[in-house]
C-alpha cells in the first residue's frame, strides 16, 4: 500500500524534480554562450504554452487554434508595461519582470474570458475557427496600431532582459505554471473539467456547472499563454504581430498532440524536443539547404502522428515503446502486467471511446431519437 | 444617410451635377462592388465547396486543401509551357485528383478511426510538405502564366471583366451539379449515408473507403478549378498561393454551415462582398481580415452551426 | 529500490544536459569565437523560405558571387572570405538564434538582415557585441545607426520624401493615387513619409492591401480608377499583378511610380511589361535591364550562374555590400595596418565603422557611383529615375 502511494507521488512530481534539478544546475554552472541561453528561453516559453494549451485541448477537450492570440496580447501589453516600468524600476529589476508578467497575464486572461463565452455555445470545429479568428483579429489590431502606441508594422521595441538570468527566471515560471496547472487538474475542479470533456450532458446531469468550468479552463489557459507572451517580449528586442499568426497556434497544438492528449509530462517533453530540433535544424541547415527545414519538419510530423495514432499499428506500438524499452532496461517486468494504473493517471480514454461506452450503457434513452449518430446506438 | 450627404454635396457644388447623375454614379459604384464581390466570393465559394464536401463525408478539416489549389496552378503553369490552355486545365484537374487521392491514401487513411485531432495535425503536415516541395521544385520566385485573356465588356456604363462572369457561372453550375450528384446518384446517396453513419453505411454494403476516396477526388478537382480561377484573375503562382485562400474558404464554409453545399456558396459570396466593401473604405481597409473574422464570430454566436448547417441533437 | 531507479534517470538527464551545456560554455573573451577562423566570415540573415524567399535568395546568391570573385582574385592578402547565410523566414523571432549561431560560428562582419521586419532585432543584438553590418536591402529608417549599422539601399523615409518632392513639382493641385501594403514595414514606411511631405494642394486617393499572397486587386483598382498618377511603394510581384488587372481600367496615359521595390518588374518570366499601356517609372539605384557599366557586368555574371528569375536590386545591392566591406578592409591593410584572420567581430567593427564614418567612398559599384555614408548610417548616392516603360 505504502509502495503504491510512493509510486503515485513520483510519477506526479517527476517533472518538478527534473526541472528543479536543472534549475539548481543552471544556478551553479549555467551556460554562458548565448545560443544555449536563447534556446533555453525558447524552450521555457514553449513548455508554458504547451502546458497551458493542454488544459483546454487535452483536458477540456475543446480545439483551440488561437493560443498565439493570447500570447500576442500578453507580449504587447507586458512589453508595453516593461517599457513604462523600466524607467522607474530599472531594466533588469525583478519587480519589472514580475509586474509586467502580471499585466500581460491578466489582460490575456480577460481575453480568455471573452473567448470562453462563445466556447459555451460552440462545439468542435466551429469553436476552432472562432479561436483562429480571434487570434487573427488580435494580430490585426496590434499590426495597425499607431507607431507611438504599439509600434505599428515595425513592432513594439521592448527592453531585452539580462540574458544571463532570464532563462533561469523563465524556468522558475515554468515550475509555477506546472504547479498551478497540475494542481488545478488534480483538484475536484480539474475532475469536473475532464468530466465535461468525456461527456458534457452526463457531466451536467451530475450537477457540474459547465459554464463556470469552461470559462475557468479558458481563463487559466489564456493567463499562462499571456505569461509566455511577456517572456517572449523580454527575450526579444521587438514584438511583432506577424509572429503570432495561426501557424504559431498550430505549432503549439502540435506540441500538445504529439505529447499525448491530456498528458502534461508528454506535452513538456514534446515542447522541449520540438523547440530543440527547430533551433538545431535552423542552425545546421543554412544557405541553400534552408528549405529542407520545412520538409523535414513536415515529414517527421506526418510520420510521428501516423505512428502514434494509426489503429493498424496499435499492436506494434504496444510491443515497442518507450515504457517497454525502459522497463526492459531497468527490470524484467512488463508494465502491462502490473496491477496499478497510477502511472498512467493522466492518460484518459479518448472522447470517442467514452461516448460509445456511455451510449451502450444508456441505450433505452435513445429509443425516441430520430437519427442515430454512432454505430453503437443501434 | 448616404442620400442626404449626397444632397448636401450637390447643393454646395451649386448643382453642377444633377441629382440623377449622382444617383447613377452611386448605382454604378454599387454594381462595381457587387461584381467585384461576386468575383472574389465565387472563388472562395469554389474552394469552400471542396472543404465542405470533404468535411461532410470524411469529418476532417483538410488543411491541405488550399495547397491542392497551388498544385493545380503549378500544373497549369507547367503544361502551358508545352501545350494549350484546354489541355493544361484538364491536366491540372487530373494532377489534382491524383494528388488528392494519393494524400488521402498515404496520410489520412491509416488514421481512420483515430482521434480527429491526429488527422488534423497530419493534414497540417501535408500542407507544409506540399509547400516546401513546391519551393524545392519551382524555386522561390512566383511564376507568371497567362492562361487566357477573356477581356472586358461594358454593361450600363459599368466595366465588367468577363472572367468574373465565367467564375460565377462555373461556380453556380458546379454547386447545382454537386447538389444533384449527391441527391440523385448512387454514389451521392452512399456519400450521405457515410456522412450520417459510417458503421451503418458499411453494414448496408457501402464501401466506405471507396466513397471517401471519391469525395477526395471531387474535392481536389474543385481545388484545381479554383486554381484556374486564381490564374485567370491574377496570372501568378507561388508556393504560398493557397495558404490564405484556404483559411478564408474554411471561414466561408463555416459561415455557411460546414457540410452544406449551398451554405458554402453563400458563405463564400458573403466573404467576397465584405472583402470588397472593406477594401473600398480607406480607413478600414487595413482591417479587412479582422472584419471578416469578426463577422464570422458574430454569425456563429447567433447561429452556432452557420447559416445552413444542420443542427445535430446531442445524445448521451 | 524505486527511488534509486528514478534518481539514476534524473541524474543521467542532468548529466547529459550538463555535457550539452558544457560544450558551449567557453569564456566570453573577445575573440574566443573567431580564434579558429581560417577565412573571414560574413554573416547574413534573410528569408530563404516563405513568401519573401526570392529576396533572400537573391542576396545570398549575389553575396556568394562577390565572395567567389574576391577569393579567386586572392582574397585579402591571401585570406579568403566565407558567407554564412541563415534563413529567418522574414520573422524577427528567428533572429536571436541565427545571430547567436553566426556569432559563435565565427562571424566577423555582417550584411545584417535582408528585410526590414527582422532588422531591428538584429540591430539591437549587434549593438550588444559591437558587430559591424552593412545591410543591402533592409531599408527601414531605424535599421542603420549607432555607429555600427549602415545601409546600401536608400532609407524608406528618404525614398518617400524624394518621391513626394517629385510629385509636388509635377502634380501640384491634381489628384494622385497611392497603392500600398498596409502591413508591411517597407511599404508603410515610405507611404507615411510620402504623405507627410506632400503638398496640401494635392488630393490623394488611397488604396491598400494586406495579405502577402494577395492576388486580386479588383476593389483597389476600382478605387484608383480615376487617377492618372499612382504612387506604388510596393514590391514588383504585387505591382505586376495590379498592372495586369488594371491595364484597361486606368487611363492609358497614366503613370505608375514606384520605388526600389519595383526593380525586377520587367524581368518576370511570363509577364510582358509591354502589354501594359501605362508608363512605369521607378526611383531606384539599380536597373536590371542596364546595358552598360558595372551593372551590366553584374547582370551577365548573375544570370549566367543563377538564371534571371531571382535577379533584382536586392542581389545587386548585396554584391556591392560585400565589395564595400572588402575594399574598406583592403584600404586599411594597404595603409600599412594588418587585419588578422582571427580578428574579433568587435575589433573589425571598430576598424570598419571608423572608415565608414570618416568619408569612406566607393567610387564605382553596381548600384551607383561615389557612394558615401552619413554618420547615421544612411547611404549617400544618386537615385536615378528609370522609366522602365514609356506610355504607349
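State yes or no: is residue A:41 touching a residue at least 40 places away in the same chain (Cβ under 8 Å) and not in a loop (DSSP other than H, G, I, E, B)? Judged against the criteria, residue A:41 is a match. The condition of being surrounded by fewer than 24 Cβ atoms within 10 Å (Cβ to Cβ), at the interface with another protein chain (Cβ under 10 Å from one of its Cβ atoms), touching a helix residue (DSSP H, G or I) at 6+ places or on another chain (Cβ under 7 Å) and on the phi < 0 side of the Ramachandran plot holds for only one of A:96, A:144, that being A:144. In a residue-by-residue description of region B:44-59, the property of being surrounded by fewer than 22 Cβ atoms within 10 Å (Cβ to Cβ) and not in a helix (DSSP H, G or I) applies to at least one position.
Assess whether residue C:115 counts as being touching a residue at least 12 places away in the same chain (Cβ under 8 Å), within 13 Å of another protein chain (Cβ to nearest Cβ), more than 24 Å from residue C:32 (Cβ to Cβ) and surrounded by 24 or more Cβ atoms within 10 Å (Cβ to Cβ). Yes; evaluated as a whole, the condition is true for this residue.
Just one residue in the set A:210, A:173, A:137 is within 30 Å of residue A:85 (Cβ to Cβ) and within 14 Å of chain B (Cβ to nearest Cβ); that residue is A:137. Out of the residues in region C:118-135 that are in contact with a helix residue (DSSP H, G or I) (Cβ under 6 Å, 6 or more places away or on another chain), in a helix (DSSP H, G or I) and without any contact (Cβ under 8 Å) to a residue 40 or more places away in the chain, state the one that is surrounded by the fewest Cβ atoms within 10 Å (Cβ to Cβ). Looking at residues that are in contact with a helix residue (DSSP H, G or I) (Cβ under 6 Å, 6 or more places away or on another chain), in a helix (DSSP H, G or I) and without any contact (Cβ under 8 Å) to a residue 40 or more places away in the chain, I get C:125.
For region A:279-295, the criterion of being within 14 Å of chain C (Cβ to nearest Cβ), within 20 Å of the chain's Cα centre (by Cα), surrounded by 19 or more Cβ atoms within 10 Å (Cβ to Cβ) and in a helix (DSSP H, G or I) is met by at least one residue. When C:183, C:216, C:199 are checked against the criterion of being touching a residue at least 12 places away in the same chain (Cβ under 8 Å), in a loop (DSSP other than H, G, I, E, B) and more than 14 Å from chain B (Cβ to nearest Cβ), a single residue qualifies: C:199. The residues listed here are A:270, A:315, A:331, A:359; of these, the one that is at pLDDT 50 or above and crowded, with 16+ Cβ neighbours inside 10 Å is A:270. Taking the listed residues B:66, B:125, B:100, the one that is more than 13 Å from chain A (Cβ to nearest Cβ), under 22 Å from the mean Cα position of the chain (by Cα) and assigned to a helix (DSSP H, G or I) is B:100, with no other qualifying.
Matching residues to (1) in contact with a helix residue (DSSP H, G or I) (Cβ under 7 Å, 6 or more places away or on another chain); (2) free of Cβ contacts under 8 Å to residues at least 24 places away in the same chain:
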| site | (1), (2) |
| --- | --- |
| C:357 | no, no |
| C:361 | no, yes |
| C:373 | yes, no |
| C:384 | no, no |
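Flag set for residue C:138, criterion: in a loop (DSSP other than H, G, I, E, B), in contact with a strand residue (DSSP E or B) (Cβ under 8 Å, 6 or more places away or on another chain) and either surrounded by fewer than 22 Cβ atoms within 10 Å (Cβ to Cβ) or more than 9 Å from every other protein chain (Cβ to nearest Cβ) (or both).
Looking across region C:219-243, the residues that are more than 7 Å from every other protein chain (Cβ to nearest Cβ) and in contact with a strand residue (DSSP E or B) (Cβ under 6 Å, 6 or more places away or on another chain) come down to C:224, C:227, C:229, C:230, C:231, C:232, C:233, C:234, C:239.
Can you pull out every residue in region C:287-310 that is closer than 22 Å to residue C:362 by Cβ and at pLDDT 85 or above? Result: C:294, C:295, C:296, C:297, C:298, C:299, C:300, C:301, C:302. Looking only at region A:91-108, how many residues end up being in a loop (DSSP other than H, G, I, E, B) and without any contact (Cβ under 8 Å) to a residue 12 or more places away in the chain? Within region A:91-108, residues that are in a loop (DSSP other than H, G, I, E, B) and without any contact (Cβ under 8 Å) to a residue 12 or more places away in the chain number 1. Would you mention how many residues in region A:152-164 are part of a helix (DSSP H, G or I) and buried (at least 16 other Cβ atoms within 10 Å of the Cβ)? Number satisfying all stated conditions: 4. Filtered by the rule that a residue be touching a residue at least 40 places away in the same chain (Cβ under 8 Å) and closer than 21 Å to residue C:223 by Cα, region C:250-280 gives C:252, C:253, C:254, C:255, C:257, C:276, C:277, C:278, C:279, C:280. Screening residue C:389 with (1) touching a residue at least 40 places away in the same chain (Cβ under 8 Å); (2) within 19 Å of the chain's Cα centre (by Cα); (3) over 21 Å from residue C:42 (Cα atoms) gives one miss only, at (2). Hey, residue C:247 hits all of (1) out of contact with any strand residue (DSSP E or B) (no Cβ under 8 Å at 6 or more places or on another chain); (2) within 30 Å of residue B:70 (Cα to Cα); (3) buried (at least 22 other Cβ atoms within 10 Å of the Cβ); (4) more than 9 Å from every other protein chain (Cβ to nearest Cβ) but one; which does it fall short on? Failed condition: (3). Residue A:45: in contact with a helix residue (DSSP H, G or I) (Cβ under 8 Å, 6 or more places away or on another chain), within 11 Å of chain C (Cβ to nearest Cβ) and at pLDDT 95 or above, yes or no? Yes, satisfied. Within region B:259-299, the set of residues being under 26 Å from residue A:197 (Cβ atoms) and modelled with pLDDT of 90 or more comprises B:296, B:297.
Hey, any hits in region C:73-84 for a residue that's part of a helix (DSSP H, G or I), surrounded by fewer than 24 Cβ atoms within 10 Å (Cβ to Cβ) and either at the interface with another protein chain (Cβ under 9 Å from one of its Cβ atoms) or touching a strand residue (DSSP E or B) at 6+ places or on another chain (Cβ under 6 Å) (or both)? No, region C:73-84 contains no residue that is part of a helix (DSSP H, G or I), surrounded by fewer than 24 Cβ atoms within 10 Å (Cβ to Cβ) and either at the interface with another protein chain (Cβ under 9 Å from one of its Cβ atoms) or touching a strand residue (DSSP E or B) at 6+ places or on another chain (Cβ under 6 Å) (or both).
Scan region A:109-151 for residues that are under 17 Å from residue C:182 (Cβ atoms) and outside any helix (DSSP H, G or I) and the total you get is 7.
In region A:200-218, is there at least one residue being under 19 Å from residue A:44 (Cβ atoms) and either out of contact with any strand residue (DSSP E or B) (no Cβ under 9 Å at 6 or more places or on another chain) or buried (at least 24 other Cβ atoms within 10 Å of the Cβ) (or both)? Among the residues of region A:200-218, not one is under 19 Å from residue A:44 (Cβ atoms) and either out of contact with any strand residue (DSSP E or B) (no Cβ under 9 Å at 6 or more places or on another chain) or buried (at least 24 other Cβ atoms within 10 Å of the Cβ) (or both), which makes the answer no. Number of residues in region C:143-157 that are surrounded by fewer than 20 Cβ atoms within 10 Å (Cβ to Cβ) and not in a strand (DSSP E or B) equals 2.
The values are calculated or read from the model by the stated rules, or taken from the named source; none is laboratory data. Bear in mind that the values here come from a model prediction, so they are computed numbers and not experimental data. FYI the Cβ positions are ideal-geometry reconstructions off the backbone, even for glycines, and counts take in every protein chain you see.
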